[in-house]
Amino acid sequence: MNTYVKFGAVVVVVIGVLVWLAVGGTNESKSYFKTISELRQMGDQAQVKHVRVDGFVQAGSIVRNGGEVSFVIHQDPNKRQQDSMVLKVVYKGIDPLPDTFKDDAQALADGKLGPDGVFQASKIQAKCASKYEAKPQLKKDPSQAGI
């Protein structure tokens, strides 16, 4: 009977550790999708939770300094921006920035808000342009098929 109790205890401990790792990993990898105004409304929670912020890269704001890239995003490209709708972002990651990351591009910054109000991004994604057109197909004349 002693062997069964020991085996049962080991099984319970292993299952408990696996559940703890699964729950911890899920909570750590969660990312809340927010706009800049929603991020401002979060208050101190924005410094604790992992957040993904959506915005448009302000023209002329991209500054590359070694492995660090800083830029400013704003919420709406069609309106004049208020200070509350603008967010400074600093990216210090190992992944290269996408080719589509440029002025006026829509971007997603993944990270946490720092105590100084600057968003510390660990990942940057640039949304692709919405208008990709297919190449026009050349119409072939059946009489010139062999030429």
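Every read-out reported here was derived from the displayed coordinates using simple, explicitly stated rules and does not represent laboratory data. None of the values given here were measured: they were computed from a predicted structure. FYI the Cβ positions are ideal-geometry reconstructions off the backbone, even for glycines, and counts take in every protein chain you see.
Using r as the Cβ-Cβ distance of Lys49 and Val10, and R0 as 30 Å, what FRET efficiency do you calculate, to the nearest 0.05?
The formula returns an efficiency of 0.25 here.
So which of Lys49/Lys102; Lys88/Lys123; Lys34/Lys92 end up more than 19 Å apart by C-alpha?
Lys49/Lys102; Lys34/Lys92, as the Cα separations exceed 19 Å there.
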